[in-house]
1. Show me the strands (runs of 3 or more DSSP E) found entirely inside the range 148-252 where at least 1 residues are within 16 Å of the ligand (Cβ to nearest atom).
2. Restricting to the range 119-141, what's the tally of residues that are surrounded by 17 or more Cβ atoms within 10 Å (Cβ to Cβ) and either closer than 22 Å to HIS193 by Cα or of a type in the set (Gly, Ala, Ser) (or both)?
3. Please give the number of the condition VAL99 fails out of (1) farther than 16 Å from VAL189 by Cα; (2) crowded, with 20+ Cβ neighbours inside 10 Å; (3) touching a residue at least 60 places away in the same chain (Cβ under 8 Å).
4. Going residue by residue through the range 33-42, is there one that turns out to be away from the ligand (no atom under 16 Å from the Cβ) and within 22 Å of ARG220 (Cβ to Cβ)?
5. Return yes or no: is LYS90 away from the ligand (no atom under 16 Å from the Cβ), touching a strand residue (DSSP E or B) at 6+ places or on another chain (Cβ under 6 Å) and farther than 25 Å from TYR233 by Cα?
6. Looking only at the range 158-185, which residues are touching a helix residue (DSSP H, G or I) at 6+ places or on another chain (Cβ under 6 Å) and under 24 Å from GLU242 (Cβ atoms)?
7. Looking only at the range 31-61, count every residue that is more than 21 Å from HIS74 (Cβ to Cβ) and more than 17 Å from the chain's Cα centre (by Cα) and tell me the total.
8. When you go through (1) of a type outside the set (S, T, N, Q); (2) at pLDDT below 95; (3) under 18 Å from the mean Cα position of the chain (by Cα) one by one for PRO159, which number turns out not to apply?
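The values are calculated or read from the model by the stated rules, or taken from the named source; none is laboratory data. Computed from a predicted model, the values in this text were never measured in an experiment. So basically every Cβ, Gly included, is an ideal-geometry build from the backbone, and we count neighbours across all protein chains shown.
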Amino acid sequence: MADPLTLFHVSDVHFGVEDQLAHGWFADAVAAERPDAVICTGDITQRATRRQFAAATEWFASLGVPLTIEPGNHDMPYYNPFERFRTPFKRFEKMKNAVHAELMFADLVVVPLRTTVRAQTRFPWSDGVVTQKALDRTLAELDRLKDDGRYKIVACHHPLMAGPPGSHNPTRGGDRAFAALAGAGADAVLSGHVHDAFDLTFEAGGHPLRMIGAGTLSTRLRASRPSFNVLRYDRESGLELEHRSLALPGAE
Ligand SMILES: [Fe+2]
């Protein structure tokens, strides 16, 4: 049997408040294991400064493997409200153009979903929003792939739901997006944002959809150590998830 496809799912690397030990640990794992691709689900920087994006561009380029990347709520200008409203993703797009690749695999496809908006009518602005326009873009891509037998991963920054359908959801439009994506044939959704890893499967309309969250490689830790996910996929076994955490300094 051929080797499974191997993807490293990393998120919330937060240049500006990065954990340099964790960044080195991740880069070493990429160099040693040469995954087929890295998927980064946003919050590349802490304050979307040019310096932070420049550092991120250099780091991602140095990984030397195909990379696909989504923006997070921290990737829109923070100190320049004029730019945030007019061209919120300009700095992110400049970095993306330098490091992003469209992933082409025989058995798996990655489709993006935008969950970040420049402003909201509620606080905090950091919470996710799935607009109808963003959802429609992703659904159109899934529709185009509907007779394609590949495993379909949607990549976004915010978890679509925090718990079972109907429970409190900080992501506006998340329940609707979850149901629509499940119905459109998505198999899994990768996200970041909460800085702790998770692996949950819920159902909508009889369609199961798996939600996988990656932790952070920043110093902004919540419940867990810096971490990333290793995803392995082949048609026989499906998608297998290994959650990898950085050991405490001094620990084995
Ligand atoms: Fe974050």
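1. Here the list reads 151-155, 188-191, 198-204, 207-213, 227-234.
2. Residues that pass the stated criteria total 7.
3. (3)
4. Scanning the range 33-42 turns up at least one residue that is away from the ligand (no atom under 16 Å from the Cβ) and within 22 Å of ARG220 (Cβ to Cβ).
5. The answer is no for LYS90.
6. LEU160, MET161
7. Within the range 31-61, residues that are more than 21 Å from HIS74 (Cβ to Cβ) and more than 17 Å from the chain's Cα centre (by Cα) number 4.
8. Every condition holds for PRO159 apart from (2).
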